[in-house]
Amino acid sequence: MHPLLRFVARRVALGLVSVVVVSLLVFISTQVLPGDAATAILGRSATDEQKAIYRHELGLDRSMPEQYWTWASGALGGDLGRSLASQQPVTEFISARISNSLILAFVTMLVLVPVAVALGVWAGIRRNSVADHAVSGISLGLIALPEFVTGTLLIAFLAVYLGWLPPTSILQQGETALTSPSLIVLPVLTLCVTAAAYIIRMVRAGIGDVMNADYIHMARLNGVPERRVIWRHALTNALAPTVQVLALTAQYLVGGLVVVETVFAFPGIGQGLVQAVVARDIPVVQGIGLLLAALYIGINIVADLMVVLLVPRLRTSQ
């Protein structure tokens, strides 16, 4: 087998094993959640007999291995069960929300990547200058702010004080995130402000190390223009670590969407997960948790493959 194909096969196999392990962790986590699903759905006024009947209908009175096997075997066939709260198939629940989350993540990456990479390169080629210290200091301060704090400050300033944007991102029935673009400006801005700091600092460090390399000094001594030195030699060789940083950012967005969507009441998959946890809707929590884990693992595999393709030494050593 070709070394690259062997690498891909090995990473996919490890990814599948990781998904199985994560499915076990997700299932066990939902079993130890505080509260009771029957009480959350039927209400506190329900009798013990009614709760027992409801648990039996849902299969919650069976052993944990039996419940896991039923859920896992169904998930392999694309059946994640039915929501306890709405009796809607979990796949329909997820499909109705995931498009909004994907649009939010795509727009965020579209704005975030060029701006953050440009600032990181700008600071890296001016290392230890006033501009570098300013960019590094601001990015360090932004790292210390959680998403909900950043979102709340942006709501207070841009929505409440200036009145430029709506404070929440509530969509009407049948609308998508693209129907009213103004509704996703604050969530996108919150994610960009939070995630940009990581990309800026990592790109700055990579560019700074490359600019001190011997071949960069040799290119300058040979009279190569500075712009070509930066874009043709420095940035190209710093691209592999940058891909890893971008993959980490995409993985961060998978978790960051949960917080941001909840803050802005955005009807995405993250808000759906929070609502399902509050309602003790176990099938929805399990389905979304498994999906987010699979996305996280998939992004990691793609990033590793891109790094191997970019670095010939890694490609031939696989």
- Message: Can you give me the angle between helix 185-211 and the longest principal axis of the chain, using Cα atoms only, in degrees from 0 to 90, rounded to the nearest 10?
- Response: 40 degrees
- Per residue solvent-accessible surface (Å²) - the chain, probe of 1.4 Å: 53 Å²
- For the pair His133 and Leu221, what calculated FRET efficiency results from E = 1/(1 + (r/R0)^6), where r is the Cβ-Cβ distance and R0 = 22 Å, to the nearest 0.05? 0.20
- Query: How big is D, in µm² s⁻¹, for the chain by Stokes-Einstein at 4 °C and 1.567 mPa s if Rh is the Kirkwood radius over C-alpha pairs?
  - Reply: 58 µm²/s
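Would you compute, from DSSP H runs of 4+ residues alone, the mean residue ellipticity of the chain at 222 nm, taking -39500 (n - 2.57) per run and dividing by the full residue count, rounded to the nearest 500?
-23500 deg cm²/dmol
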- Query: How far, in degrees from 0 to 90, does helix 48-58 lean away from the longest principal axis of the Cα atoms of the chain, to the nearest 10?
  - Reply: 60 degrees
- Estimated vicinal HN-Hα couplings, Hz - segment 142-157 in sequence order (Karplus 6.51, -1.76, 1.60; Gly, Pro = x): 5, 4, 6, 9, x, 4, 5, 6, 4, x, 5, 5, 5, 5, 5, 8
- Query: Counting only protein heavy atoms and using a 1.4 Å probe, what share of the accessible area of segment 58-115 belongs to carbon plus sulfur, as a whole percent?
  - Reply: 68 percent
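Based on the mean of other Cβ atoms within 10 Å per residue, sort peptides 111-123, 131-143 so the most packed one is first.
Details: 111-123: 19.3, 131-143: 14.7.
Per-residue Cβ counts within 10 Å, averaged per peptide and sorted highest first, yield 111-123, 131-143.
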- Zone residues, segment 172-188, relative to Ala96, backbone N less than 20 Å from point 7 Å out along Cα-to-Cβ: 172-180
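The values are calculated or read from the model by the stated rules, or taken from the named source; none is laboratory data. Model, not experiment: these values are computed from the prediction. Methodologically, a virtual Cβ is constructed for each residue, glycine included, from the backbone with ideal geometry; neighbour enumeration extends over all protein chains shown. Each accessible area value is taken on the protein alone, full model and side chains, heavy atoms only, with ligands, DNA and RNA left out. Shrake-Rupley method; radii C 1.70, N 1.55, O 1.52, S 1.80 Å.
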